[in-house]
Amino acid sequence: MSQTIGKTRLAYSRAWHHVDVGSDGRTLGRLASSIALVLMGKNKPIYDPSTDCGDYVVAVGCHDLRTTGKKRQQKKYYTHTTRPGSLKSMTMDMMFEKWGGGEVLRRAVRGMLPKNRLRDKRLARLKTFEGLKHPYEQNIIKIGGTGVQAQAQAQESVIGKLPEVQQAFQAAKVEASA
């Protein structure tokens, strides 16, 4: 018997998740931790820490990133080039002005991913955009945890409104009641 039951190519296929940061009620840390889980693939039954089985995440509306307290003015991001005296610090507000909210979200997610060889590959699957427009519209499969097909089915079907279909429903009701 095979030991790799369920670990097929279909199981490792990558889905595209859509997250609207502006309309999501979660703060930066809670949003980043859920994005990190999807990038790692922990939402899949085939998860293994040594394999890269995570999905893509498209985060739009990063200019409306939600934080609590005085983090925008007090939180600092540090960079260093390993040369003496090259330590530079930047507040979150300055980071928003210079690179936008996408970079703030990217750094938060980067800190929540495991520190190993797969971190940069996983982080490359996070696509952040300041506005609501992005070039990955056709790739999106899941919006806010539900599939696009499920959302389309939840809305009323256009086929059900056709006169031929309405007549067939009426005929079926008459036959059922007779």
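The figures follow:
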| read-out | value |
| --- | --- |
| Conditions (1) open to solvent by 40 Å² or more (accessible area, probe 1.4 Å); (2) part of a helix (DSSP H, G or I): number failed by Leu123 | (1) |
| Positions within region 97-117 being open to solvent by 30 Å² or more (accessible area, probe 1.4 Å) and either in contact with an Asp or Glu (Cβ under 8 Å, 6 or more places away or on another chain) or assigned to a loop (DSSP other than H, G, I, E, B) (or both), in sequence order | Pro114, Lys115, Asn116, Arg117 |
| Complete set of residues in region 30-42 that are assigned to a loop (DSSP other than H, G, I, E, B) and over 12 Å from the mean Cα position of the chain (by Cα) | Lys42 |
| Residues satisfying the stated conditions in region 126-143, i.e. in a loop (DSSP other than H, G, I, E, B) and over 23 Å from Glu103 (Cβ atoms) | Ile141 |
| Any hit, region 64-87, residues being of a type in the set (A, V, I, L, M) and in a loop (DSSP other than H, G, I, E, B) | yes |
| Residues (touching a residue at least 40 places away in the same chain (Cβ under 8 Å) and open to solvent by 10 Å² or more (accessible area, probe 1.4 Å)) located in region 33-49 | Ser33, Met40, Ile46, Pro49 |
| Residue check for Ser23: of a type in the set (S, T, N, Q) and closer than 24 Å to Gln138 by Cα | yes |
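The values are calculated or read from the model by the stated rules, or taken from the named source; none is laboratory data. These numbers come from a predicted model, not from an experiment. Backbone-built Cβ (ideal geometry, glycine too); neighbour counts: all protein chains shown. Keep in mind that these areas ignore ligands, DNA and RNA; they rest on the heavy atoms of the full protein, side chains included. Shrake-Rupley method; radii C 1.70, N 1.55, O 1.52, S 1.80 Å.
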